[in-house]
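Written out below as structure tokens is the structure these notes cover.
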Amino acid sequence: MPATPAWPPRSLPRLFVRTRLAEGATVELDAAAANYLGNVLRLGEGGELLLFDGLAGEWLARIATVAKKRMTLVAERQTRPLEQVPDVTLAFAPIKRAQTDWLVEKATELGVARLQPVMTRRTVAERVKIERLESIAVEAAEQCGRTLLPAIADPLALPAFLGALDRPLLFADETGGAPLGQALRPGPAAILIGPEGGFTPEERDLIRAHPHVIAVSLGPRILRAETAALAALTAYMALAGDWR
Ligand code: SAM
């Protein structure tokens, strides 16, 4: 006997909406979303999909009206409550745009709670477009089934980031540190990943002098910054996060 298929089927399209969801709530879709559902997915009146607003969990919704470049949906019932994710912040020195986009997408899929761009001496990216990173996080959340979006903070200079630190910081240091697996403890944490060019010796001293900092090694090889971010977050989720 085939297992009873999960309801709602995981295959239903998922959309993030900025309208607060509740039973009977009406959601007006913008032209881009209406075009996606209507012309790409060929959904019409009566069609079903899943919505989430990052606050009220996931809801089954039905297409009520379809007009040129516009669609109205009605939320029918909650299908999943808002998820709880491990309280981990990924602090990273912005890298080249494509790599930063990739890092944000993967960190969202892995379940990160917060992303904190940290500007360092050797940071290549002059400007970080937060709206752009938010839209990448939304797409990743729609795809991987998240109901809560990661918070993306405005960039901070390294000294300001350290000054505001309120939790253990796992400092990924390619010059050496404790094996990550030994340094991980359940509970709130932050992970710091440097730029392609690495931290300057002065920055490294400043970071290591901070009482909340634990320098960790991600193994004997020099990883690209985006690989280091993914490796550290994966280890955190497996050993101290919600994969246990
Ligand atoms: N500039 C450095 C070099 O060429 O020696 C490499 C920097 S690495 C490309 C970028 C960042 O990834 C580092 O600042 C560090 O945070 C992290 N990283 C890379 N490999 C690592 C390792 N084996 N252990 C800990 N952190 C690592």
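Throughout, read-outs are computed from the coordinates displayed, never taken from laboratory work. Since the structure is predicted, the reported quantities are computational estimates derived from the model, not experimental observations. Using ideal geometry, Cβ is built from the backbone for each residue, glycine included, and neighbour counts are taken over all protein chains shown.
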| remark: Filtering strands (runs of 3 or more DSSP E) wholly in region 30-101 for at least 1 residues that are of a type in the set (A, V, I, L, M), touching a residue at least 40 places away in the same chain (Cβ under 8 Å) and more than 12 Å from Pro13 (Cα to Cα) gives 70-80, 88-92
| said: If I go through region 189-228 residue by residue, how many of them are more than 6 Å from the ligand (Cβ to nearest atom), small (Gly, Ala, Ser) and under 19 Å from the mean Cα position of the chain (by Cα)? | reply: 2
| So which strands (runs of 3 or more DSSP E) are wholly in region 110-218 and hold at least 1 residues that are free of Cβ contacts under 8 Å to residues at least 24 places away in the same chain and more than 22 Å from Met237 (Cβ to Cβ)? | none
| task | Looking at (1) among the β-branched types (Val, Ile, Thr); (2) more than 16 Å from the ligand (Cβ to nearest atom); (3) surrounded by fewer than 14 Cβ atoms within 10 Å (Cβ to Cβ), find the lone condition where Ile152 falls short. | result | (3)
| note | Selection over region 227-241 where residues are of a type in the set (Gly, Ala, Ser), assigned to a helix (DSSP H, G or I) and in contact with a Leu (Cβ under 8 Å, 6 or more places away or on another chain) yields a count of 5
| field | Residue within region 172-181 that is under 16 Å from Glu226 (Cα atoms), buried (at least 20 other Cβ atoms within 10 Å of the Cβ) and of a type outside the set (Asp, Glu) present | value | yes
